[in-house]
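Visitor: Sharing a structure here in structure tokens format.
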Amino acid sequence: MTNAVKGQNVSRAGLADVFGVALTTIDSWVKKGCPVVVRGHGKGQEWKFNTAQISSWLQDEAVDRATGDIPDDMDELKLRKQKAETELAELELAEKKGEVALIAEFERAQSMVFAAIRANIMNVPQRAVLQLLGETDERTFKEKLKAELILALETSAEEELEEEEIE
């Protein structure tokens, strides 16, 4: 007695119709390893798929995506846990040594740097106005303005930013 498989055997186009997807999606499924009843060869033989097998395969794929790469083996899970605990301990040690910083600390430092740059750049017009007043030579005007911008950026680079205490 043969084992009857539920579902219908359909062509590639029929499978696309049943599941409401494009033919390119069916091709993608085949590349990912979906079950095939008959592999089409050239123009003479059509692909055949069983709708029940494909439905089951799609459910398995969804479960795999939802669970990620979590293994079922308890020994492997214990090893992963130990590895994660080791990595966490190493990260905490690196933080205490000052080798790494929290993102919030980095963002606060960057904010202070950008504020200093902005303040120095915003002072350029006040410093440059007297030098540029009445200047008619375009080249001289650009050189003086460029010199003021360079001075503002260099001042920002040399400025020591006070670090706030983090508690």
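The values are calculated or read from the model by the stated rules, or taken from the named source; none is laboratory data. Everything numeric in this text was worked out from a predicted model, so none of it was measured. Virtual Cβ from ideal backbone geometry, glycine too; neighbours counted across all protein chains shown.
Visitor: Condition first: surrounded by fewer than 16 Cβ atoms within 10 Å (Cβ to Cβ) and either in a loop (DSSP other than H, G, I, E, B) or among the hydrophobic types (A, V, I, L, M, F, W, C) (or both). Now tell me which residues in the range 8-18 satisfy that.
Guide: So in the range 8-18, the residues surrounded by fewer than 16 Cβ atoms within 10 Å (Cβ to Cβ) come out as 8-9, 11, 13, 17-18.
Those that are surrounded by fewer than 16 Cβ atoms within 10 Å (Cβ to Cβ) and either in a loop (DSSP other than H, G, I, E, B) or among the hydrophobic types (A, V, I, L, M, F, W, C) (or both): Gln8, Ser11, Ala13, Val18.
Visitor: As an exercise: evaluate Met74 against (1) surrounded by 10 or more Cβ atoms within 10 Å (Cβ to Cβ); (2) more than 28 Å from the chain's Cα centre (by Cα); (3) among the hydrophobic types (A, V, I, L, M, F, W, C) and give the number of the one condition it does not meet.
Guide: For Met74, the exception is condition (1).
Visitor: What are the residue pairs meeting all of these: first residue in the range 104-121, first residue under 17 Å from Thr155 (Cα atoms) and not assigned by TED's automatic domain parsing to the domain that holds Leu151, second residue part of a helix (DSSP H, G or I) and β-branched (Val, Ile, Thr), Cβ atoms under 9 Å, and 6 or more apart or on different chains?
Guide: none
Visitor: Do you know which residues across the range 20-29 are crowded, with 16+ Cβ neighbours inside 10 Å and either polar (S, T, N, Q) or over 26 Å from the mean Cα position of the chain (by Cα) (or both)? Quick ask: steps written out before the conclusion?
Guide: Start the filter on the range 20-29 by keeping residues that are crowded, with 16+ Cβ neighbours inside 10 Å, which leaves 26, 29.
Hit for the range 20-29 is Ile26, nothing else.
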